[in-house]
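First up is the structure itself, then whatever we jot down about it.
Laboratory data are not the source of any read-out in this text; all were calculated from the coordinates shown. Note that this is a predicted model, so its numbers are computed, not measured. Cβ placement follows ideal geometry from the backbone for every residue including glycine, while neighbour counts extend to all protein chains displayed.
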Amino acid sequence: MSSDRINEILSTMRQYHTAKITSTFSKEGNSLMRAVCIPSTSTLELTFLEERRIELYDCLAEAVKTVEI
């Protein structure tokens, strides 16, 4: 997936932060991470599914870079 598309998805989540929107990012059919925007904030929460690790991002560009990996 292109960085522009990832940016669009994460930006939409931040824009509608009062709604519960979840996106799952996959590679070769394997779900790698889930993204949500913490309600009433612009903070993105990325959950790495295999590691069961959560990272928080206030910077959209950093979140996009992380999803691209």
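Once fully extended, how much extra length lies between Lys65 and Lys27, figured as 0.36 nm per residue of separation less the alpha-carbon to alpha-carbon distance?
Numbers: separation 38, 0.36 × 38 = 13.68 nm, distance 1.51 nm.
Residue separation times 0.36 nm, minus the Cα-Cα distance, leaves 12.2 nm.
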Send over the Kirkwood Rh of the chain, from the inverse of the averaged 1/r over different Cα pairs, rounded to one decimal Å. 11.9 Å
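Could you pull out the GluC sites (Glu not before Pro) across the stretch 1-47 that fall in loop regions by DSSP (anything but H, G, I, E, B) with no more than 16 other Cβ atoms inside 10 Å?
Details: sites: Glu8, Glu28, Glu45; in loops: Glu28.
For GluC sites (Glu not before Pro) across the stretch 1-47 that sit outside H, G, I, E and B with at most 16 neighbouring Cβ atoms in 10 Å, the list reads Glu28.
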May I ask you to list the trypsin sites (Lys or Arg not before Pro) in the chain that are in a DSSP loop and have at most 15 other Cβ atoms within 10 Å of their Cβ? Lys20, Arg52
